[in-house]
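*Asks:* I'd like to ask you about the structure that follows.
The values are calculated or read from the model by the stated rules, or taken from the named source; none is laboratory data. Keep in mind it's a predicted model, so treat the numbers as computed, not measured. Every residue, glycine among them, receives a Cβ derived from its backbone with ideal geometry; neighbour counts consider all protein chains shown. Just the protein is used for accessible areas: all its heavy atoms, side chains included, with ligands, DNA and RNA removed. Shrake-Rupley method; radii C 1.70, N 1.55, O 1.52, S 1.80 Å.
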Amino acid sequence: MSRIAIVGTGYVGLTTGAYLAHLGHDVICADVVDTKVVQLSRGELPIFEAGLPELVREGLDCGRLSFVLGATNAVDDAEFVFLCVQTPQGEDGSADLRYIREAAAEIGPLLQAECIVINKSTVPVGSTRVVEQSLERDDVFVVSNPEFLREGSAVHDCLNPDRIVIGSDDQAAAMRVAALFESLKAPLVITDPASAETIKYASNAFLATKISYVNALANVCEAVGADVREVVLGMGYDKRIGFEFLKPGPGWGGSCFPKDTRAMVHIADEAGYDFTLLRGVISVNDEQHERMVSKVERMVGGSVQDKTVAAWGLTFKARTDDLRDSPALEVIRRLRERGAIVRAYDPATMNGEHPSLEGIDVSVDPYPICEGADVLVVLTEWDEFRWLDFAKVAGLMKTPRIVDTRNLLESAAIRRRGFLYDGVGRA
Ligand code: UDX
């Protein structure tokens, strides 16, 4: 078993630390925020992620997982150091490497000889070299090992990865990293650093492309009287296409797709290639937010000015409390800009204290926000919405009308309750 340090306890760092401890390694996680370190040391998590509190608790209890303030307190004894710091989007769409550079420069002098520094943060092609330069050490290795976990199923994804990608110029270093994950029995792709770094962007951009494709297709389905769900069913049995990531909705969001697709366009630009396909994917996504707003406008008879809109769902998808780049918030922002009064409910953001919720009346209960509402908009695919009492909702609303941007509800049953119903890509 190996001694591992994790620098950065965001989504990726915390999950990686917890599951590596679960696999039997000794893991020290470092962060720069002292309150977070104190909380994590008590087993209290700053994020909502199914299964992660249990994994952290297990690591703390068996002594294989600990949290410290500052990377310098974590790395001196480590055989492996995972860099999991944030790479925010810069002004021009490129990824900002400041935090990676700072972390590498800070730990460089402290590392043991033969230590392997592993880039887990999503970093532009060539960043392995950037880390090497910032470390200023010629006796340690830098390896790329992108992370593919999804929020909401992060623990499952880490313990059951579709593949493990390792990018290194040094075969022995790559094999040492591969050995950390041996018990997962996942397919290994060992490649050069530039290819490993590109795999991460290419995967996220491709998934975003699939979703934009189905969103565009949904628009065609509405126009020709087809049902996009039937169309996807018919397509998905073709193994070359598959069923995954073909659910139409209000557009893709979250902490990765918007940032990574733009970064991919930027990387291509820098390399002298105009990635028009991906620019189209991004435009379709922007248009999709607007199409959802138009659906609400049509449903209330034209303008949303002074109309009361009840919104179910605020997070960028279900099973997370993450509001970053949430399509739900973007649709709400546009509705409010046009004079709508929006009240919202989300199972994961009940206290409504997040800065991006400012001006939105957030309730802890899905029903009261429907009282006197002109329209109900379903924006996130929380399963619990399907099981709410729609007879009660219809009774509370001024006019029972639903715009279901996730195709979550059974339209026939909803219409039987007296609602006017509109989904996405369905006649
Ligand atoms: C994504 C990648 O899936 C993951 O591999 C990577 O490591 C990080 O980015 P995540 O951001 O957690 O994960 O969310 P994901 O489940 O991929 O969904 C992204 C967005 O696409 C969400 O807004 C979601 O609602 C939307 N989506 C997804 C659809 O609209 N339709 C789909 O069929 C799938």
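*Asks:* What about Arg386, is it open to solvent by 10 Å² or more (accessible area, probe 1.4 Å) and free of Cβ contacts under 8 Å to residues at least 12 places away in the same chain?
*Replies:* Working: open to solvent by 10 Å² or more (accessible area, probe 1.4 Å): yes; free of Cβ contacts under 8 Å to residues at least 12 places away in the same chain: no.
In short, no.
*Asks:* Residue under question is Phe245, and the condition is that it be in the same structural domain as Val424 (by TED's automatic domain parsing), within 15 Å of the ligand (Cβ to nearest atom) and hydrophobic (A, V, I, L, M, F, W, C); does it hold? Quick ask: steps written out before the conclusion?
*Replies:* Working: in the same structural domain as Val424 (by TED's automatic domain parsing): yes; within 15 Å of the ligand (Cβ to nearest atom): yes; hydrophobic (A, V, I, L, M, F, W, C): yes.
Here the answer is yes, as Phe245 does meet what is asked.
*Asks:* May I ask you to verify whether Glu49 is open to solvent by 40 Å² or more (accessible area, probe 1.4 Å) and either under 23 Å from Glu106 (Cα atoms) or in the same structural domain as Ile116 (by TED's automatic domain parsing) (or both)?
*Replies:* On the way: open to solvent by 40 Å² or more (accessible area, probe 1.4 Å): no; either under 23 Å from Glu106 (Cα atoms) or in the same structural domain as Ile116 (by TED's automatic domain parsing) (or both): yes.
No: the conditions fail for Glu49.
*Asks:* Answer yes or no as to whether Ala173 is within 12 Å of the ligand (Cβ to nearest atom) and outside any loop (DSSP other than H, G, I, E, B).
*Replies:* no
*Asks:* What single numbered condition from (1) free of Cβ contacts under 8 Å to residues at least 12 places away in the same chain; (2) buried (at least 17 other Cβ atoms within 10 Å of the Cβ); (3) of a type outside the set (Val, Ile, Thr); (4) closer than 25 Å to Asp322 by Cα fails to hold for Ala95?
*Replies:* (1)
*Asks:* Looking at this structure, is Arg240 open to solvent by 30 Å² or more (accessible area, probe 1.4 Å), more than 12 Å from the ligand (Cβ to nearest atom) and either in contact with a Lys or Arg (Cβ under 7 Å, 6 or more places away or on another chain) or part of a loop (DSSP other than H, G, I, E, B) (or both)?
*Replies:* For Arg240, the condition - open to solvent by 30 Å² or more (accessible area, probe 1.4 Å), more than 12 Å from the ligand (Cβ to nearest atom) and either in contact with a Lys or Arg (Cβ under 7 Å, 6 or more places away or on another chain) or part of a loop (DSSP other than H, G, I, E, B) (or both) - is met.
*Asks:* If you don't mind, another one. Taking the options Arg406, Arg415, name whichever one is outside any loop (DSSP other than H, G, I, E, B) and open to solvent by 30 Å² or more (accessible area, probe 1.4 Å).
*Replies:* Details: Arg406 fails: outside any loop (DSSP other than H, G, I, E, B).
When all the criteria are applied, what remains is Arg415.
*Asks:* So, Lys210, is that one more than 22 Å from Gly249 (Cβ to Cβ), within 11 Å of the ligand (Cβ to nearest atom) and not assigned by TED's automatic domain parsing to the domain that holds Glu54 or not?
*Replies:* Working: more than 22 Å from Gly249 (Cβ to Cβ): no; within 11 Å of the ligand (Cβ to nearest atom): yes; not assigned by TED's automatic domain parsing to the domain that holds Glu54: yes.
Taking the combined requirement at face value, the residue does not satisfy it.
*Asks:* In addition: Restricting to region 184-207, count the residues that are within 15 Å of the ligand (Cβ to nearest atom) and either in a helix (DSSP H, G or I) or hydroxyl-bearing (Ser, Thr, Tyr) (or both).
*Replies:* 12
*Asks:* Looking only at residues that are among the small types (Gly, Ala, Ser) and outside any loop (DSSP other than H, G, I, E, B) in region 249-285, which one is surrounded by the fewest Cβ atoms within 10 Å (Cβ to Cβ)? Give the steps one after another, and end with the answer.
*Replies:* Filtering region 249-285 for residues among the small types (Gly, Ala, Ser) gives 249, 251, 253-255, 263, 268, 271-272, 280, 283.
When the remaining residues are screened for being outside any loop (DSSP other than H, G, I, E, B), the result is 263, 268, 280, 283.
Details: Ala263: 26, Ala268: 18, Gly280: 14, Ser283: 12.
Checking each candidate, the answer is Ser283.
*Asks:* Right, something else. Can you pull out the residues in region 356-376 that are in a loop (DSSP other than H, G, I, E, B) and either touching a residue at least 24 places away in the same chain (Cβ under 8 Å) or open to solvent by less than 40 Å² (accessible area, probe 1.4 Å) (or both)?
*Replies:* Ile360, Pro366, Tyr367, Glu371, Gly372, Ala373, Asp374
*Asks:* Give me the residue from region 286-318 that is within 16 Å of the ligand (Cβ to nearest atom) and in a loop (DSSP other than H, G, I, E, B) and, out of that set, surrounded by the most Cβ atoms within 10 Å (Cβ to Cβ).
*Replies:* The extreme case among them is Gly313.
*Asks:* Thr320 - would you say it is out of contact with any Gly (no Cβ under 8 Å at 6 or more places or on another chain) and modelled with pLDDT under 95? If you could, list the steps in order and put the result at the bottom.
*Replies:* Numbers: out of contact with any Gly (no Cβ under 8 Å at 6 or more places or on another chain): no; modelled with pLDDT under 95: yes.
Considered against the rule, which asks whether it is out of contact with any Gly (no Cβ under 8 Å at 6 or more places or on another chain) and modelled with pLDDT under 95, Thr320 comes out as no.
*Asks:* Something else: Inspect region 47-68 for any residue being hydroxyl-bearing (Ser, Thr, Tyr) and at pLDDT below 95 and give the result as yes or no. Before you say what the answer is, go through the steps one by one.
*Replies:* The first filter runs over region 47-68 and keeps only residues hydroxyl-bearing (Ser, Thr, Tyr), leaving 66.
The next check asks that each one be at pLDDT below 95; those that pass are none.
Within region 47-68, none of the residues are hydroxyl-bearing (Ser, Thr, Tyr) and at pLDDT below 95.
*Asks:* Restricting attention to region 320-355, and to residues there that are among the aliphatic types (A, V, I, L, M) and not in a loop (DSSP other than H, G, I, E, B), which single residue is nearest to the ligand (Cβ to nearest atom)?
*Replies:* Here is the first cut: in region 320-355, the ones among the aliphatic types (A, V, I, L, M) are 323, 328-329, 331-332, 335, 340-342, 344, 348, 350.
Of the ones still in play, those that are also not in a loop (DSSP other than H, G, I, E, B) are 328-329, 331-332, 335, 341-342, 344.
Working: Ala328: 9, Leu329: 11, Val331: 12, Ile332: 15, Leu335: 18, Ile341: 25, Val342: 19, Ala344: 17 Å.
Checking each candidate, the answer is Ala328.
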